[in-house]
1. Could you check segment 306-316 and list, in sequence order, the residues that are in contact (Cβ under 8 Å) with a residue 24 or more places away in the chain and open to solvent by 70 Å² or more (accessible area, probe 1.4 Å)?
2. Among the residues of segment 540-554, what is the count of those that are surrounded by 18 or more Cβ atoms within 10 Å (Cβ to Cβ), within 18 Å of D519 (Cα to Cα) and within 31 Å of the chain's Cα centre (by Cα)?
3. Starting from segment 50-75, keep only residues that are polar (S, T, N, Q), then list their pairs with residues that are assigned to a helix (DSSP H, G or I) and open to solvent by 70 Å² or more (accessible area, probe 1.4 Å) whose Cβ atoms are within a distance under 8 Å, requiring at least 6 positions of separation or different chains.
4. Filter segment 252-271 for residues that are in a helix (DSSP H, G or I) and touching a Phe, Trp or Tyr at 6+ places or on another chain (Cβ under 6 Å) and give the result.
5. Are there any helices (runs of 4 or more DSSP H) wholly within segment 576-683 with 1 or more residues that are within 30 Å of Q542 (Cβ to Cβ) and within 41 Å of the chain's Cα centre (by Cα), and if so which?
6. Restricting attention to segment 177-196, which residues are assigned to a helix (DSSP H, G or I), surrounded by fewer than 24 Cβ atoms within 10 Å (Cβ to Cβ) and either free of Cβ contacts under 8 Å to residues at least 12 places away in the same chain or not aromatic (F, W, Y) (or both)?
7. Of K359, K381, K423, which residue is at pLDDT 60 or above, charged (D, E, K, R), open to solvent by less than 60 Å² (accessible area, probe 1.4 Å) and part of a helix (DSSP H, G or I)?
8. Taking only segment 645-673 into account, find how many residues are touching a strand residue (DSSP E or B) at 6+ places or on another chain (Cβ under 6 Å) and open to solvent by less than 40 Å² (accessible area, probe 1.4 Å).
Amino acid sequence: MMQSQISTIRTILLLIILGIAGLNGFSGKALAAEDEEPALPEEAITLEELQQLEPFPEFFEQMSPEGRLDWLNSQIDQAATPVESYNFQRVLAFEHFFNFRNSEAQEVCQTNPPLSFDLRYRFACIQVSDISYDNRLDNLLKLYQDAVEADNKEMVAQTLNSMGWYQSGHGDIDLAFKSYEEALSMGEHLDFYVLNDAMVNTATLYIVHGDEEYVLKGIELLKQSIERIKEKLQEEQASAENITTSIVIPQFNIGVAYTLHLYDYENALQWFKIINGSDISISHLKMSSLLFSALSAVELGRNQEAEAFLARSYKQPQVNNTEFSYLYCYRELVKFKLQQEADLNVCLPLHPNVPLEVKIDVYKRLSELKDDAIRNQGQEKFYGLYNEKLESQMKHSASSTVSTVELHRLQQESRLKNELLEKEIALKTALQERQEGQIRLVIALSLILMLLILITVIRLNQKRRLAEQFEKLSVIDVLTGLNNRRFLEQNIEREMGFIKRSQVHPGAPVMGVYLIDIDHFKRVNDTYGHAAGDKALVGFAQRINETIRDADLFVRWGGEEFLLVARLEQAEGLQVLAQRLIDAVKREPYQVLENQSIDLTCTIGSVIYPSVAKNEKDISWNNLVKLADLALYYGKQKQRDCWVCIENVSKPESWNALFAQDFEQSLSNKQITLSTSITEPKE
């Protein structure tokens, strides 16, 4: 499978070449590899100096990739200042990165380390670095935290996409889904292509780690993504090259799903046919498509077709990226199945950077070949793959878990040794060498079964630190720093339980639920722009926070709506707090631009708990929020800049009927009793 980042990287690359993009407000400290001194002194180059550089000439974008590399190298040699040299080298690294020359890009990153504020360059250098999974994930997590601090939402989402991809390839499925879920939750702030990347990668995760039902679901999601991209590109009147680049990756992933997961080679050939006939410039992708086409054709017994695809693959440029080195293994597998001379040593072993799903598929295919020597080596690698993962994860597990695993391993080892002894006694000495290969296969399969049972517990213990950080981040609103809806859902039942238990005592506290909406907020965005609107939201949240207690639950509910749950010593405090919030919001203007301040007001709908007649306390928190929303809507209709508090509700026969009924009718029927600061009816 391929990560869907090609079109997004290309867009970012153009921004960086033609101007200075992706730079955020951090200090200019150079970031070097671990245990290395920075190549530049601290604050030797500043963001302002980079932004003041002249943009690249227009002819640069019209040059061929090789021409751009030559031009950049000549400019590096002629650079008059450190800031010019740094900028030319960072663009050179991006050129290598975009053209999948990872080793060349890595060399530039080492000689010209990215500055801390240069988030895009840091991201590219992490992607091409030849480091362990844990170190790569630690670096991506630091980049994620810096992007959040810089309020660079697209970089946050792109970093989460990359983290999810590496977590998936390493087998950390739960963490991968959390990363993609966090990226998708930022959808309203993201560029279409960045958001679509997260959706494509999530669908691919279904395919790589799901059963047949989820594989089919992932394929359907990829097809929907293709249609969305076609509509978007047609709307933007994009060039044919951009259309091919944006669509080809989900098309390729569908073909791989049919080949490696459903073994539906006929359907796989139909999807690879689209890629084989395109003008896609990504060399390793074209070679991948041709070799998987050859594999599908030979599995269907269509040897002439397979030979044709194989011949075309030799015309493609060599692939130096270790992540895709497995392509040469599949080429030799196809040649072996065609009864041609083949060197399967390229498969033994595969590079550590090769995705786990590919390693499993390759070693499984080797284990099923008729050649005894190759089959035995495939079985050894199959065994070694899982044994290595199990041993690595057991080192980080809790001692009790290790003891349990070791006990089961010894039991299985003892049983298998007994079986081996019985077989050795029964078989002749001449078959001893063949027996050893069969025994290794049995051991490998047994360990795989053990892994399937124990891997989840081991992984949770090993990755607890990252999981806790992701859990914390999942309940925070990135813009305002407030808790979000998910946080409220996790805590409001506890708060209601406390209030309910307290009602048996005289003078027990009550609880107020306030739904707060900024009046005419759309006008702020339309008049001053979304950046000004974001500043207004942050300032609004700060004023509310200064007015309430630390123990109160205050969250961003969505858009310009906020929800507050507060304990009150007595019912009369419901209106007092509402008025205090109204006054705090409009206390003074909000500074949204350098020379621009605006006034804001809000409307508040609230309900007290318990509020139902006959001391009924078994109302859900969802219904409390719905009642507050009815009061909010009533205030919006009547006046705005006011509060409406529901003090009592006659228990209805059906809550749904009450919510569906006109609010004015509920008031006239005295089903709902309220108080309000409304001074005059709406004209």
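The values are calculated or read from the model by the stated rules, or taken from the named source; none is laboratory data. Just so it is clear, the model here is predicted, and its values are computed rather than measured. Ideal geometry is used to build each Cβ from the backbone, glycine not excepted, and the neighbour counts take in all protein chains shown. For accessibility, only protein heavy atoms count, side chains too; no ligands or nucleic acids. Shrake-Rupley method; radii C 1.70, N 1.55, O 1.52, S 1.80 Å.
1. Once the filter is applied, which keeps residues that are in contact (Cβ under 8 Å) with a residue 24 or more places away in the chain and open to solvent by 70 Å² or more (accessible area, probe 1.4 Å), segment 306-316 yields E307, R312.
2. Total meeting the criteria: 2.
3. Every condition considered, no pair remains.
4. I254, G255, T259, N267, A268, listed by residue number.
5. The qualifying helices (runs of 4 or more DSSP H) are 621-638.
6. Within segment 177-196, K178, E181, E182, L184, G187, E188, H189, L195, N196 meet the criteria.
7. K359
8. 5
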